[in-house]
Amino acid sequence: MTASDRPWTNDRPQENGLAPSGVTPSDVALRLAPIRSESEFRGALAELAGQIAEGALLENFVFVEIAPAASGGWRLNWQAPSDGPSLLDTPRLSEWAMRAERRPNTAMQGPDGKSLALVVPSGTSLLAVIAGPAGESEPARGLMIDVAKLAAATLERLRAQAMQEAGRRASETQLSYVNNALALDADILWEASANGVLHCRRVLNGKADLAARVEGLSLSSFVPRDGAGNVKDRLASGETIRQLAVRIPDAEGGAGRIVRFSGMSNPEGGFFGTLMAEVASDERRSLSEAASLMNDVSRARKREERHRREAEIMLEGLRLLLGNATSRERLEKLVALLKDSLRADKAVLVEQAVDRSIRLLVPRDGMLPARAERLVRQFDGWLAGKGVRVLGEKVDEAADMQSAFNLPEREVAIIALPLRSETAYLVCAARSPNGFDSADLDFAARFNLLLQQAFQLREEQSQLAQTAKMAALGQMSASIAHELRQPLNTISMSAQNLEAMLESPDVPPDFILKKAQRILAQVERANDVVTRLRRFGRKGTGSEEEIALATLAENVSAIMGHVLMQKGVRIEIDVPEALAVSVDPLQIEQVLTNLVQNATDAMSGVGADARDGEKRITISSRRQPGEICLDVLDTGPGFPDKILDRAAEPFFTTKPSNEGTGLGLAICDAILREHGGRLDIGNCDNGGGRVTLVFPTHN
């Protein structure tokens, strides 16, 4: 038995095994595994909620699903048990869900501000486990994490099965249409062995009397109306007969009624085909009209299904665009939707900047070979002003694309997304051997508007981050002036000394050399200051490189040095030199600078009550499974509990209007999420503030 399989109480796992009312993750998994419907699923959750609340001493334990609302924001989809305190009456539920989406798999305050909650993504919705009042029991939190993940996985399984079942029913409906259409053109499906004895396999259109007449007859007794031979000999010779008018003998062996005979031989030596009774022209015309009407209905249903599917994809795209995801997440999910709408096997999104440099945007961790970059630079010529170009699988360009982008040997589509300052291209290969459907390509061209809007939002977010960076430089202007004034003063004094010494008749050469070296050293110092500022002011490229976290921390310490000295703040860096991450260095330096500035303000009483004692900022690192953490700790008053969950919201700030905009932590959070990480905000054990930059490790 592992630690996670022991029953949970409000103190710690029982040391002696199972408790009378204890519930383990294994119990939950076994209870959810056989469930086959969502109604059964919610009933099981309601039952489990009562058992868990009793065993873990948690009050009001509930499961809830929060889904995106069509009008924007979030809404409560269901909760189990339904007779508990309803979240429908919880004010600002949508705002809480937006915050929870940014902190998946992390314990946080519930929507009422008192309970404990844990949220797990489930498809496009959120599955939350909420218990009140909020406790500090780590075992209880561990149980909530395990149970929430199990419930979310079960919900996704049930919905995937429901989609498969809907597809199966649609296939059966289509098969029924085919059988009905076949029934209009044939009355009997027959087969015969090599000896030519006919057996009716299926009787259609109520022609039981005709079936009774022909059952057991020999094919040699079916004589064409013109009397030439019989159908068995013609079929045995390998001929295929279609709609041949033949006579079948009556009960007395004489010439009987006329039927339409169709048949052919099979590889096993027998024969098979259809029989259709001759009908009056009016009846035949009626059957033809019915068949035509059925074909029209079938085509209309296909169009309706296509429009429904396109509407669902477009609605999901709008939800992604208006949701709280980062620009990178939006692009990845929108590309996945577009790939699904095109029925493509693989999709790659690349971007060509104004300087014609090429970047791979999706997939995130992929590599773009040099030959692929050369092909991308030819896309404008291939497209010739069109938004979409399809290359047949036998075309030379398609073969080049398949090799460069590692695509299957199918049709390749290139879809252009013209933007303000660059152009993006979606490259994908068809899933079907028959290639792309023209209607799917038309819809993809319309869906591209959402992708273009996602790019525009990304550009606006980048511009907002750059504006915040330049505002930080403005706030540090006094520090910059001081940093430059010191070397300039030293240069001035050395130059004046040299000027005075040159008036004397005998100037020692060593003295002149020493002064010149001092001047050059101060020039180099001033140049370092300007270089750091220019580097900090540049806009991030979005490209990632491997860089030591210690280097980033030291760069920020250097540029913020005078600001910290003026405020009486000491900074300590405790980061191993060998600890490196793959990031955009300029963007992470901006995050660290903002956090150091915030910590300095908090310890100086800006937007918070200042505390007596040493003012110190510590930048330290630690590892945890799959992640590298960089902690920025201060000795200030810390984050009040009432604002802890709102600290990273855009435009939320405790500073006076002339001291801050409330965009700092929001931008920092967005930058970390763009890197696949997150910003974790909390307090130290000693009461100071803590902001942690969490980076994923890449093996």
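The values are calculated or read from the model by the stated rules, or taken from the named source; none is laboratory data. Owing to the predicted nature of the structure, the values given are computational and were not obtained by experimental measurement. Neighbour counts run over all protein chains shown; Cβ positions are idealised from the backbone, glycine included. Heads up: the accessible areas ignore ligands, DNA and RNA and are worked out on the full protein's heavy atoms, side chains in. Shrake-Rupley method; radii C 1.70, N 1.55, O 1.52, S 1.80 Å.
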The ³J(HN,Hα) series, computed from each phi in the range 340-355 with the Karplus coefficients 6.51, -1.76 and 1.60 at θ = phi - 60°, rounded to the nearest Hz and given as x for glycine or proline, is 5, 5, 7, 6, 8, 7, 8, 9, 10, 10, 10, 10, 10, 7, 4, 7
Using the Karplus curve 6.51 cos²θ - 1.76 cosθ + 1.60 with θ = phi - 60°, what ³J(HN,Hα) values do you get for each residue of the range 544-551, in whole Hz, with x for Gly and Pro? 9, 9, 7, 8, 6, 5, 4, 4
If each residue of separation counts as 0.36 nm, what is the full-extension length gain between Glu305 and Arg242 once their alpha-carbon separation is subtracted? 19.2 nm
Sorted by accessible area with a 1.4 angstrom probe, largest first, how do Arg168, Arg31 fall? Arg168, Arg31
Added length on full extension, which subtracts the Cα-Cα distance from 0.36 nm per residue, Glu165 to Lys642: 167.0 nm
I'd like the carbon and sulfur percentage of the solvent accessible area for the range 189-272, probe radius 1.4 Å, heavy atoms only, ligands and nucleic acids excluded. 49 percent
Under a 5 Å amide H to amide H cut-off, with H placed in plane at 1.01 Å, what residues pair with Thr106 once short-range neighbours are removed? Val119
For Asn434 and Ala277, FRET efficiency with R0 = 45 Å and r from the beta-carbon atoms, rounded to 0.05? 0.75
Taking 0.36 nm per residue of separation and subtracting the Cα-Cα distance, what length does fully extending Val390 through Arg622 add? 78.5 nm
Sequence-distant residues sharing a close amide H with Lys346 (under 5 Å, placed H): Ala429
Run the 1.4 Å probe and let me know the accessible area of Lys333, rounded to the nearest 10 Å². 100 Å²
Inter-site label distance for Ile258 and Ser582 at 7 Å from Cα along Cβ, in nm: 7.8 nm
Within the range 547-636, list the GluC sites (Glu not before Pro) lying in a DSSP loop whose Cβ has at most 10 other Cβ atoms in a 10 Å radius. Glu577, Glu614
Could you check the simple spin-label distance between Leu315 and Glu572, using points 7 Å along Cα→Cβ, in nm with one decimal? 5.7 nm
If I model a spin label as a point 7 Å beyond the Cα along the Cα-Cβ vector, how far apart are those points for Leu383 and Arg225 in nm? 6.2 nm
Pop out the ³J(HN,Hα) list for the range 99-110 in order, Karplus 6.51 cos²θ - 1.76 cosθ + 1.60 with θ = phi - 60°, rounded to Hz; leave Gly and Pro as x. 5, 5, 4, 7, 10, x, 6, 10, 5, 8, 5, x
Pull up all non-local amide H partners of Arg202: gap of 5 or more, or a different chain, and H-to-H distance under 5 Å with H placed in the peptide plane. Leu189
